[in-house]
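Colleague: Input: one structure, supplied below.
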Amino acid sequence: MDRLTAMRVFAEVATSGSFSATADKLDMSRAMVTRYVAEMEQWLQARLLQRTTRSVTLTDAGELALRRCQQMLALTTDLEEETATTAEGELRGQLRLTCSVSFAYAQLGAAIAEFLAQHPQLKIDLDASEGSLNLVERRIDLAIRISAEPDPMLIGRPLAQCDSVLVASPAYLAAHGRPQQPADLVRHRCLSYANFGKSVWQLSRGDVVERVGVTSPFSANEATTLMRAALAGGGIALQPTYLVNPYLRSGELQAVLPGWDLPVMTIYALYPSRRHLSPAVRALLDFLVQRFEGVPW
């Protein structure tokens, strides 16, 4: 029996609570999943799972076995990643990344495709999400985050500057008028990003700083959703330029108050430690820095 595969199968069944879901995820038959679990139980001389027609739960022995299996699988992954080069020096293994949905859609997806074309033995698993993730617990190698102050517990490498702009569709501006100064925004439908400036937008021009309380009939925690609402004529949205510049160039969106600046943030690549940074992660970091140098969007 391949005990490493058996541990991986058992851990997945224990986590998902389903033999069928494990079979689908690991691309093997349900019968093979059942066989691996049975052989794990035979190897350890203990019943690891309680099975009914409706559920799969861990026994006390199963809970202990799961913790040990997860530790051993984590060590195996570390070993694979720390030696993630072939005899010819080619990078291999798997990297786990996370970033916002909008940045994945607008920039990172294409960047990853180009990087993998240069390193065909590598695999990348991307978690596109808005929530904060524990990089260690989720075994994330690299997090791409946009922030004014990145998490001080993580190592941060700047990738690019993140500029923002106020945008609206030509149809919305034709129907509701174009703001001439920040104070005019209070009379408009403003589409707000829930995690940044939801109710107060700050604009500056030279030494003049204006903070405007805005009315937001629609807010969301994801920039692409707000951009689609703006394209549909839903109002004025505060958007990152990396996402909306193509629509500004095509005329589908127009800049609002273009003489005023919005707060600038930085796009960081964050990782838990320099000590165990694999060659593949270092290569990806260098690639992203070079690709985004000078803010190409």
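The values are calculated or read from the model by the stated rules, or taken from the named source; none is laboratory data. This structure is a prediction, so every number in the text was calculated from the model and none was measured. Cβ coordinates were reconstructed from backbone atoms using ideal geometry, including for glycine residues, and neighbour counts include every protein chain displayed. Calculation scope for accessible area: heavy atoms of the full protein, side chains included, ligands and nucleic acids excluded. Shrake-Rupley method; radii C 1.70, N 1.55, O 1.52, S 1.80 Å.
Colleague: What number of residues in segment 113-128 are open to solvent by less than 30 Å² (accessible area, probe 1.4 Å) and polar (S, T, N, Q)?
Modeller: Counting residues in segment 113-128 that are open to solvent by less than 30 Å² (accessible area, probe 1.4 Å) and polar (S, T, N, Q) gives 0.
Colleague: Output the number of residues of segment 228-280 satisfying the condition of being touching a strand residue (DSSP E or B) at 6+ places or on another chain (Cβ under 6 Å), in a helix (DSSP H, G or I) and open to solvent by less than 10 Å² (accessible area, probe 1.4 Å).
Modeller: 3
Colleague: Same structure again: Scan segment 197-227 residue by residue and report those that are in a strand (DSSP E or B), of a type in the set (A, V, I, L, M, F, W, C) and touching a residue at least 24 places away in the same chain (Cβ under 8 Å).
Modeller: Within segment 197-227, Trp201, Leu203, Val212, Phe218, Ala220 qualify.
Colleague: Of the residues that sit in segment 171-181 and are in contact with a Lys or Arg (Cβ under 9 Å, 6 or more places away or on another chain) and assigned to a loop (DSSP other than H, G, I, E, B), which one is least open to solvent (accessible area, probe 1.4 Å)?
Modeller: Ranking the candidates gives Pro179 first.
Colleague: Report the residue count in segment 187-196 for those that are open to solvent by less than 70 Å² (accessible area, probe 1.4 Å), assigned to a loop (DSSP other than H, G, I, E, B) and either at pLDDT below 90 or of a type in the set (Ser, Thr, Tyr) (or both).
Modeller: The total comes to 1.
Colleague: What do you reckon, is Ala143 open to solvent by less than 30 Å² (accessible area, probe 1.4 Å) and not polar (S, T, N, Q)?
Modeller: yes
Colleague: Name the residue, out of Leu288, Leu257, that is modelled with pLDDT of 95 or more and under 25 Å from Met153 (Cβ atoms).
Modeller: Going through Leu288, Leu257 in turn, the sole match is Leu288.
Colleague: Residue under question is Asp184, and the condition is that it be open to solvent by less than 70 Å² (accessible area, probe 1.4 Å) and not aliphatic (A, V, I, L, M); does it hold?
Modeller: Criteria met by Asp184.
Table: residues versus (1) more than 20 Å from the chain's Cα centre (by Cα); (2) farther than 23 Å from Tyr271 by Cα.
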| site | (1), (2) |
| --- | --- |
| Glu149 | no, no |
| Gly156 | no, no |
| Val167 | yes, yes |
| Gln181 | yes, yes |
| Cys190 | yes, yes |
| Asn195 | no, no |
| Trp201 | yes, yes |
| Val212 | yes, yes |
| Thr241 | no, yes |
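Colleague: Of all residues in segment 99-138, how many are polar (S, T, N, Q), closer than 27 Å to Asp163 by Cβ and without any contact (Cβ under 8 Å) to a residue 40 or more places away in the chain?
Modeller: 2
Let's see how each residue does on (1) touching a Ser or Thr at 6+ places or on another chain (Cβ under 7 Å); (2) farther than 18 Å from Arg139 by Cβ; (3) not in a helix (DSSP H, G or I):
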position: Ala6; (1), (2), (3): no, yes, no
position: Val13; (1), (2), (3): yes, yes, no
position: Ala21; (1), (2), (3): no, yes, no
position: Lys25; (1), (2), (3): no, no, no
position: Met28; (1), (2), (3): no, yes, yes
position: Arg54; (1), (2), (3): no, yes, yes
position: Leu64; (1), (2), (3): no, yes, no
position: Cys69; (1), (2), (3): no, no, no
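Colleague: For segment 1-55, which positions are free of Cβ contacts under 8 Å to residues at least 40 places away in the same chain and charged (D, E, K, R)?
Modeller: Asp2, Glu12, Asp24, Lys25, Asp27, Arg30, Arg35, Glu39, Glu41, Arg47, Arg51, Arg54
Colleague: Any chance you could count how many residues in segment 38-52 are more than 10 Å from Phe10 (Cβ to Cβ) and under 36 Å from the mean Cα position of the chain (by Cα)?
Modeller: 2
Colleague: Being touching a strand residue (DSSP E or B) at 6+ places or on another chain (Cβ under 6 Å), open to solvent by 40 Å² or more (accessible area, probe 1.4 Å) and small (Gly, Ala, Ser) narrows it down to one of Ala148, Ala110, Ala168, Ala160, so name that one.
Modeller: Testing whether each residue is touching a strand residue (DSSP E or B) at 6+ places or on another chain (Cβ under 6 Å), open to solvent by 40 Å² or more (accessible area, probe 1.4 Å) and small (Gly, Ala, Ser) leaves just Ala148.
Colleague: State whether one or more residues within segment 11-23 are open to solvent by less than 90 Å² (accessible area, probe 1.4 Å) and in contact with a Cys (Cβ under 6 Å, 6 or more places away or on another chain).
Modeller: Yes, there is a match, as at least one residue in segment 11-23 is open to solvent by less than 90 Å² (accessible area, probe 1.4 Å) and in contact with a Cys (Cβ under 6 Å, 6 or more places away or on another chain).
Colleague: Shifting gears a bit: Could we say that Val200 is open to solvent by 40 Å² or more (accessible area, probe 1.4 Å) and at pLDDT 95 or above here?
Modeller: No, not satisfied.
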